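Below is one structure, written out as structure tokens, with a few remarks after it.
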Amino acid sequence: MARYVYDFTEGGRDMAGLLGGKGANLAEMTRLGLPVPPGFTITTEACRAFLDSGGEPPGMWEEVSSHLSAVEAAAGRLLGQPDDPLLLSVRSGARFSMPGMMETILDIGLNDESVLGLAKVSGSERFAWDSYRRLVQMFGTTVMGVDASHFERAIALLKDVRAVPDDVHLDAGDLAQLVETYKNLIHLETGEYFPQSPAEQLRRAVLAVFQSWNGERARLYRRREHIPDDLGTAVNVQRMVFGNLGPDSGSGVAFTRDPATGRPGLYGDYLANAQGEDVVAGIRNTVPLDELGRLNPDAFARLRAHMETLERHYRDLCDIEFTVERGTLWMLQTRVGKRTAEAAFAIAAALADEGLITPDDGLARVNGESLARLMFPRFDVSASGDPLAHGIPASPGAAVGAAVFDSAEAVRRAAAGEKVVLVRQETTPDDLPGMIAAQAVLTSRGGKTSHAAVVARGMGKVCVCGAEELSVDLGGRRFTTPDGTVVEEGTVLSVDGTAGAVYAGPVALVDSAVMRFLEDGRADEGAAGVVDGVARALRRADAVRRLEVRANADTPEDAARARRFGAQGIGLCRTEHMFLGDRRKLVEEMILARTDAERDRALAALMPLQREDFTRILEAMDGLPVTIRLLDPPLHEFLPDHTELAVRIASAEARGDLPDAHDVALLTAVNRMHEENPMLGLRGVRLGLVVPGLVAMQVRAIGEAVARRVLAGGDPRAEIMVPLVGDVRELRIVREEVQRVLGEVSETSGVALACPVGTMIELPRAALTAGRIAEEAEFFSFGTNDLTQTTWGFSRDDVEAEFFSAYLDKGVFPSSPFETLDREGVGRLVGIAVAEGRATRPGLKIGVCGEHGGDPDSVHFFHAAGLDYVSCSPFRVPVARLEAGRAAL
Ligand code: ADP
Ligand code: MG
Ligand code: MG
């Protein structure tokens, strides 16, 4: 037969699933011999059975009463015994700490009779009536469902009548009167009387805790935190101890280390003559924990000893709730404490230093998300006022700059040395120069995977997107907030990409010590703990990880930065930005060419420019692999906007002028190249097969760059990557062309060129035919952004705003598949391609270069899938190193 109740002496920390976190840790403390008020835990299983069947499982109450009898026997009195009542607390406690569930009910067992007994044995009438008053209030709200405001109004009214400022000034008579008022309120509101039977109080309190598992707030919280709905909560029933019995009593909370910085020492708050609830409620001012040392040196010394025991036992920062009853210390709760990102690293390093944990434990206790947070500068929140608006925290960090409303203005002002924030409704590839020039990007539309968000994250640039409260008037160069504040171009804004908030005016910044350390190895004074923690974690990760970490970088500057961050090469060097800027003219000529000769001229003019780019990138990454991807996006992306051209031509005609011939030619080309679904159109390898000379030009530029570097004494390791391949024949055709051109360059330069040629796997067909593709590919790199789009059949740019939030709300996906790899679908394709690719070509080098390469959860998947490397934006390189290490533990 199932067992539903465990005494605190029977459980332990490894039983959190059954006993909940609180119950398991109460049992653990009991086992360690710490002074825990006796009690027992009703299991999560009992809760589940109750919720499933609508009634308590058979035998549960019998078990509860026999455990209660044991507690009564130990105390030498009975629950609610009229002359000397044993009182109980009923405390909820699920597997994961969970706000929104029913709170604790204290002082179960008091009634009209036992309150008098309590007054006598405690020697304090006021204490007894205050306890009873609290019970009726808590029971009335949480168990009987009376609105809390009724009780609050009643007590406020009484204070008015008595003309006293707060509760502590109400005397025993006042409180007794309040109890009467409360009981009448309950009867008025529910038609029921406050139960006088202690056993009934206990029973109803336990069931109310069970029921609160399905409360609306609790359900919402679970959904947000991805906590399963079917775990249920345990209920802890425990003898009450009293911190409100006079000046030699009190309650407090304590941490074994500073949870903000990780520094060792005792931290916490204490409140004399109070119950624990008062400490957190902030009704009265607490004093620092040290004060307990003065008030009660003996209890303080014991507390310190217990805290040391707990930290050594849990081998981690613990937080603790305790109560002192007339000089005697009682431990009421402990758990491994929450901490800031900074403290997580510092504590892991300190505990490893003390030999309490192994270096691997230390690595397991930190994570990439915390590291990412530590790399960004922060606002000094104490110095900021109210935000102008909130949006989605798309790319973390803090930035200050003048508001500008278009890319050109951003570039112009930045060139003049001004810091700017680019404000748009949403961004497009045309805004790229402005985004690069800006300190931060703010949009009023779009979600976490909108263009602005993705590009900003890639660049490590602060971004708040989807700030829908703002109405952005691009033409008027201003935006308006809901309260009517108008923000004109040039107004200084502070953008908090970590919190998703925007402030008017400059908010002071605190620099990131961790970033400075990662960039140049310096450790600032005052940040030694966290910097040492980060250094140690990364050292360990590098020692144990199997995955290599490369960076996605298109410029020599990014390449150099990535290298400083520890990148072991470039996994994706996109060539499309090399077609922008001044070179646009040449690209237009290539696209508009009417003859082969015209096209060859344009390509010939582009070649040396690309060669120069590649030479500098190969120099920055000397000795490390640089995977260069041939041109991917559709050509019309390099042509001007259709509407703009049409308007220009139409207005020329309206003026009676002849429209510009170049404009007309461009418009024709734009029309000709228009695609309904550019994402599925003429792009990637298809361009190479259709536009004569394009592949040859790019390969020649790569080959000549390699030859130059070799002749200059360097060690260039270029790899050529073909995008969007769906069939081995596409790759074969391109590869023959690559080999032909490299042969020519070898001959003319006298340098033997052996650049590996590989392909991206970013279409389902490529993954499914990977065995064939591997015949021609010397390496694979998963383009998981496109692979996700094509597997799900939705385009990232379009679905975001349309239905992603609904899908997330309804739980179709736990998180966006563009942020965290969809293991079940996309992951399956990855698995097939790895297995079949390596069946054809054992030892085939395989990496990933989508955004997922820097996402912690996805990195763990790629490790398990047997990939050789991940490639991510330079700023994510340390994060990926850390997570690759954690994946290998
Ligand atoms: P939470 O999960 O909100 O921390 P707890 O179950 O810890 O809820 O209860 C809240 C507070 O109630 C505790 O911090 C403690 O001060 C008080 N409390 C709970 N049980 C007892 C008890 N047996 N004796 C005295 N106070 C208690
Ligand atoms: Mg607690
Ligand atoms: Mg792609």
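Here, each number is a calculation from the coordinates, and none is a lab measurement. Since this is a predicted model, take the numbers as computed values, not measurements. Glycine also receives a Cβ, built like all others from the backbone with ideal geometry; neighbour counts cover every protein chain displayed.
Could you work out how far helix 216-225 tilts from the main Cα principal axis of the chain, as a 0 to 90 degree angle to the nearest 10?
40
As I understand it, the dipole of the stretch 553-710 uses +1 on the Cβ of Lys and Arg and -1 on the Cβ of Asp and Glu, about the Cα centre. Which of Ser651, Ile628, Met673 lies farthest toward its positive end?
Going by the Cα projections, it comes out as Ile628.
If the only charges are +1 at each Lys and Arg Cβ and -1 at each Asp and Glu Cβ, what is the size of the charge dipole of the chain around the Cα centre, to the nearest 20 debye?
1880
Calculate the length of the line joining the C-alpha centroid of the stretch 637-710 to that of the stretch 416-460, in whole Å.
What the calculation gives is 24 Å, centre to centre.
Using a Cα-Cα cut-off of under 24 Å, which lysines could be cross-linked to Lys159, ignoring same-chain neighbours fewer than 8 residues away?
Cross-link targets: Lys183.
For the chain, report the translational diffusion coefficient in µm²/s to the nearest whole number, using Stokes-Einstein at 25 °C, 0.890 mPa s, and a Kirkwood Rh over Cα pairs.
77
For helix 148-162, what angle does its Cα long axis make with the longest principal axis of the chain, in degrees from 0 to 90 and rounded to 10?
Approximately 50 degrees, to the nearest ten.
Please find the FRET efficiency linking Glu589 to Leu680, where r is the Cβ-Cβ separation and R0 is fixed at 35 Å, and quote it to the nearest 0.05.
0.80
Highest mean first, how do 514-520, 174-180, 401-407 rank when packing is the count of other Cβ atoms within 10 Å averaged over residues?
401-407, 174-180, 514-520
How many angstrom lie between the Cα centre of the stretch 378-393 and the Cα centre of the stretch 1-78?
45
Mind sorting Ser871, Ser815, Ser53 by how few other Cβ atoms lie within 10 Å of their own Cβ, fewest first?
Final ranking by Cβ density, sparse to dense: Ser53, Ser815, Ser871.
Would you compute, from DSSP H runs of 4+ residues alone, the mean residue ellipticity of the chain at 222 nm, taking -39500 (n - 2.57) per run and dividing by the full residue count, rounded to the nearest 500?
Calculated mean residue ellipticity at 222 nm is -14000 deg cm²/dmol.
Need one number: nm distance between label points at Arg655 and Ser53, each 7 Å from Cα along Cα→Cβ, rounded to one decimal.
Placing both labels 7 Å beyond Cα along the Cβ direction yields 8.7 nm.
Can you compute the label reach from Ala73? Point 7 Å from Cα along the Cβ direction, backbone N cut-off under 15 Å, restricted to the stretch 163-200.
none
How much length is gained on full extension from Arg564 to Arg765, taking 0.36 nm per residue of separation minus their Cα-Cα distance?
Computed gain between Arg564 and Arg765 is 68.6 nm.
Given the chain, what percent of its DSSP beta bridges are antiparallel, to the nearest 5?
Once the DSSP bridges in the chain are tallied, antiparallel ones form about 65 percent.
Using the 10 angstrom Cβ neighbour count as an exposure proxy, how do Tyr221, Tyr270 rank, fewest first?
Neighbour counts put them in this order, fewest first: Tyr221, Tyr270.
Between Arg217 and Leu32, what FRET efficiency comes out of the Förster formula 1/(1 + (r/R0)^6) with R0 = 45 Å and r the beta carbon distance, rounded to 0.05?
FRET efficiency, Leu32 to Arg217: 0.85.
Sorted by mean Cβ packing within 10 Å, highest first, what order do the peptides 842-848, 342-348, 68-74 take?
By packing density, highest mean first, the sequence is 342-348, 842-848, 68-74.
So for the chain, taking the charge dipole from beta-carbon charges (+1 Lys/Arg, -1 Asp/Glu), which of Phe875, Pro35, Ile155 sits furthest toward the positive end?
Projecting each Cα onto the dipole axis, the largest value belongs to Phe875.
For a 32 Å ceiling on Cα separation, which of these pairs sit above it: Lys585/Lys845; Lys338/Lys419; Lys338/Lys810?
Flagged as over cut-off: Lys585/Lys845; Lys338/Lys419.
Relative to the longest principal axis of the C-alpha atoms of the chain, give the angle of the C-alpha long axis of helix 642-654, reported between 0 and 90° and rounded to the nearest 10°.
It works out to around 60 degrees.
Which shape class applies to the stretch 45-239: rounded if a/c is under 1.5, otherwise prolate when a/b exceeds b/c and oblate if not, where a ≥ b ≥ c are the square roots of the Cα gyration tensor eigenvalues?
Since a/c reaches 1.5 but b/c is at least a/b, the shape of the stretch 45-239 is classed as oblate.
Once label points are set 7 Å from the Cα along Cα→Cβ at both Phe813 and His187, what is their separation, rounded to one decimal in nm?
Distance between the two pseudo-spin positions: 5.9 nm.
What spacing in nm lies between the two simple spin-label points modelled at Asp430 and Ser749, each 7 Å away from Cα in the Cβ direction?
A separation of 3.8 nm, rounded to one decimal place.
Quick check for me: using +1 on Lys/Arg Cβ and -1 on Asp/Glu Cβ, what's the dipole size of the stretch 377-511 about its Cα centre, in debye to the nearest 20?
340
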